[in-house]
Amino acid sequence: MRRCFWNQVWLVGVGVVIVGSLAWAQQPGPAVLGAAPGKPGSANLPLKRIVLFSSGVGFFEHRGELVDDAQVELRFRTENINDLLKSMVVFDEGGKVSVVTYASKDPISRTLKSFAVDLTPNPTLGELLNQLRGEKVRLEAPNEIIGTILGVEVREVNVGDKQVQKVEFLNLLTEAGIRSVALEKVSAIKLVNEKIDSELNKALAVLATARDVDKKAVVIRFTGEGKRQGRIGYILETPVWKTSYRLVLEEGKPALLQGWAIVENTTEEDWNEVNLALVSGRPISFQMDLYQPLYLPRPMEKLELYASLRPRVYEQDLSRREREFLARAADKAAEVAMDAEREEADEAAATRGLERRARALAAAPGFAGAPSPGAPPMEQAKQLKADGGFAFRRDVPSAATATQLGEAFEYQIQTPVSLPRQQSAMLPIVNAEVQAEKVSIYTPSVHPKHPLLGLRMTNTSKSYLMQGPMTVFDEGAYAGDTKIQDIPPGSQRLLSYALDLKVEVAPESKGKPEELVSVQLVKGVAYISRKYARSQVYTVKNSADKVRKVLIEYPYDPQWTLISPKEPAEKTRDMYRFLVEAKPGEPATLAVEEERTERQQVAITNLDDGMIAIFLQAKVVTDQVKAALKQVVALKAEWQTLQVKRQQLEEQIRVIEEEQARIRQNMAQLDRTSDLYKRYVQKFAEQEDQNDKIRAEIKAVTDQINAAKKKLDDYLMSLEVK
């Protein structure tokens, strides 16, 4: 059962996973250059289905009849071979896929070096002949000379009186002996050895084919008997399909939305009556170089060489021989058991694989011919095997239909599409009524005076609208252009398409002074709350003959709280939108008011007297906070008074020390026995006594300062008043 199943389905390439929901219809592909029917045993699988993705890839499916052993040849652009190798899926309904072959892309330098004649470095004639040393050649120089190449040498030949020219000479061994012939005199050279001559021609052919990089043939071979169906699918790079829309507005009627898909056939093959699907999803797609052969560098190891030794024969240990005999017997028994277990495991694995495949296909949308969901797993597997593989629904109504595919969205063009190569087409994909309410949208950054005419459109169609341009027609006349982003069914978007010259908006900013909200004292820190307010007033003037609904956009700032109006009509990540109904000839106003409360933390000791005075007079500050602030002012004043006293004492010491420095300088100039010197000594002693007394006072004041500071700190840390 396992062999039968895998003989039917082959996945060619890397990274291809078949899931029932993919259903061959969810893939696209470009750039196929066409099949080449007409060869013996060849088959033609025409292009039948294309699925284009908005991520820039396409899935192409070829389907057709196979007869006996057959092969299908497709031609691709060289740059598409990597995508082909990564994604190709091949299916033979009643036979099996034999092999997929394509021209190799081994580096040309590596290929050329494999020939007996190396053309890699673009050799000159002399260098080429040097490679052919020992080969027999036939020359015309101008007479015929037959000989074996010894080599090419360069000689200096006198040209004129003083000039020297280097000339290449071909040295040959002929029947008459060694001859030297100047290459410039040789008009023709023929290799006598046909094998070497063939190698040279093959190398030249490789160089010629290397230039043909535009198109490569890929041959898929099928083996089987009788008539049956075959399929080939692959993913290739394609242009992103685009959308454009028309929106028709009529008074008293729902808006009519018409959507078009723009598709380009940039391949080298005409699309003839193909089933086309357009998918708006964004599957992850990447390129990988699978076409270029890769070679890993390997280290060169040398054999260890030793002097030759005479061989010795050693007798075997008897106990070891017995253990080996028993081990061989046990290994043989184990091998038999493992073969039986492996056979059972393979059968069970094949059964589980078919069961999983049956469940996946039964759950996949759009899969016709899937096994019955209520059947037992093995019964589903048997049904799947009997059906012969994949089958897909075509029961869709005429015209384009839209279908949800997981996170993606598909437009299925029901009428087969024919599009010549290198041409584009517009295909209708949406034709539905949608809800559209006219509004004027005022954004000062777009236009400071006039709003834009716009629409609040709800996608009431069942289609996923991809991003694209939209042309608006109002009462049969062109009204303007807009652009939409992706809109899922049921979603609403705001669109603008023209300037509304009949409505004017005049904004005016009004500032308000900051306001003290509260003061709290907690453990030495003052928490001060202030409230800031701002106001923006819009005056709307409507000169039209009908009521205008004007949406005014106002920047949203999370730091500010909206006070009035209480709620906006709409809110985005960056904007409030407020709705104003402006009657003809009557100015309408909108006042947007916001508040922001800012909380500041300041050490109480850093509050200056002016700030404390403001807090003591503020009505919002509680009596408890005011009393605490007064006590802080008193303790702080006591501490600061002691600090001033210590500074005064330190200043006295500084003055005395300056006087003593002057006395020392004078004493150095006097005789120690003079009266003036003795008076200086006495005064110096008196100043020292005074310094000792002041320093004692400084120490006492410092102790008082520390006590006052501790008293202040203890009081501040004990505060917790609001």
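Considering the conditions (1) open to solvent by less than 40 Å² (accessible area, probe 1.4 Å); (2) more than 20 Å from residue 570 (Cβ to Cβ), residue 457 is excluded by exactly one of them, (2).
Among the residues of segment 507-532, the ones that are surrounded by fewer than 15 Cβ atoms within 10 Å (Cβ to Cβ) and in contact with a Phe, Trp or Tyr (Cβ under 7 Å, 6 or more places away or on another chain) come to 1 in all. Entry remark, segment 623-632: residues being within 13 Å of residue 526 (Cβ to Cβ) and either surrounded by fewer than 16 Cβ atoms within 10 Å (Cβ to Cβ) or touching a strand residue (DSSP E or B) at 6+ places or on another chain (Cβ under 7 Å) (or both) number 2 in total. In the condition set (1) on the phi < 0 side of the Ramachandran plot; (2) open to solvent by less than 20 Å² (accessible area, probe 1.4 Å), residue 480 is compliant with all but (1).
For the structure I just gave you, tell me whether residue 181 is surrounded by 15 or more Cβ atoms within 10 Å (Cβ to Cβ) and in contact with a strand residue (DSSP E or B) (Cβ under 6 Å, 6 or more places away or on another chain). Please lay out each step first, then the result.
On the way: surrounded by 15 or more Cβ atoms within 10 Å (Cβ to Cβ): yes; in contact with a strand residue (DSSP E or B) (Cβ under 6 Å, 6 or more places away or on another chain): yes.
Answer is yes for this residue.
Got at least one residue in segment 669-686 being at pLDDT below 90, open to solvent by less than 80 Å² (accessible area, probe 1.4 Å) and assigned to a loop (DSSP other than H, G, I, E, B)?
In the first step, residues of segment 669-686 are kept if they are at pLDDT below 90; the result is 669-686.
Right, trim to open to solvent by less than 80 Å² (accessible area, probe 1.4 Å) and you get 670, 674, 676-677, 680-681, 684-685.
From the residues that got through so far, the ones that are assigned to a loop (DSSP other than H, G, I, E, B) too are 670, 674.
Checked segment 669-686: at least one residue is at pLDDT below 90, open to solvent by less than 80 Å² (accessible area, probe 1.4 Å) and assigned to a loop (DSSP other than H, G, I, E, B).
Put simply, of 656, 705, 698 the only residue that is in a helix (DSSP H, G or I), surrounded by 13 or more Cβ atoms within 10 Å (Cβ to Cβ) and in contact with an Asp or Glu (Cβ under 7 Å, 6 or more places away or on another chain) is 698.
Taking the conditions exactly as written (open to solvent by less than 80 Å² (accessible area, probe 1.4 Å), without any contact (Cβ under 8 Å) to a residue 40 or more places away in the chain and under 40 Å from the mean Cα position of the chain (by Cα)), does residue 555 satisfy them or not?
Values: open to solvent by less than 80 Å² (accessible area, probe 1.4 Å): yes; without any contact (Cβ under 8 Å) to a residue 40 or more places away in the chain: yes; under 40 Å from the mean Cα position of the chain (by Cα): yes.
Yes: the conditions hold for residue 555.
With the condition being within 46 Å of the chain's Cα centre (by Cα) and under 30 Å from residue 630 (Cα atoms), I'd like the strands (runs of 3 or more DSSP E) fully within segment 463-548 carrying at least 1 qualifying residues. Spell out how you get there, then give the answer.
Values: elements: 468-474, 477-484, 492-499, 503-511, 515-522, 525-542.
The strands (runs of 3 or more DSSP E) meeting that bar are 525-542.
Residues that are touching a residue at least 60 places away in the same chain (Cβ under 8 Å) and either loosely packed, with under 13 Cβ neighbours inside 10 Å or in a helix (DSSP H, G or I) (or both) do occur in segment 579-598, at least one of them.
Conditions (1) in contact (Cβ under 8 Å) with a residue 40 or more places away in the chain; (2) in a loop (DSSP other than H, G, I, E, B); (3) over 27 Å from residue 79 (Cβ atoms); (4) open to solvent by less than 50 Å² (accessible area, probe 1.4 Å), marked per residue:
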{"residue": "166", "(1), (2), (3), (4)": "no, no, yes, no"}
{"residue": "171", "(1), (2), (3), (4)": "no, no, yes, yes"}
{"residue": "230", "(1), (2), (3), (4)": "yes, no, no, yes"}
{"residue": "240", "(1), (2), (3), (4)": "yes, yes, no, no"}
{"residue": "244", "(1), (2), (3), (4)": "yes, no, yes, yes"}
{"residue": "256", "(1), (2), (3), (4)": "yes, no, yes, no"}
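Condition check for residue 267 on (1) open to solvent by 40 Å² or more (accessible area, probe 1.4 Å); (2) assigned to a loop (DSSP other than H, G, I, E, B): one failure, at (1). What about residue 92, is it among the acidic types (Asp, Glu), under 36 Å from the mean Cα position of the chain (by Cα), modelled with pLDDT of 65 or more and buried (at least 20 other Cβ atoms within 10 Å of the Cβ)? Answer is no for this residue.
The values are calculated or read from the model by the stated rules, or taken from the named source; none is laboratory data. Worth saying up front: this structure is predicted, and the values here are computed from it rather than measured. A quick note on method: Cβ atoms are made from the backbone with ideal geometry, for glycine too, and the neighbour counts reach across all protein chains shown. Each accessible area value is taken on the protein alone, full model and side chains, heavy atoms only, with ligands, DNA and RNA left out. Shrake-Rupley method; radii C 1.70, N 1.55, O 1.52, S 1.80 Å.
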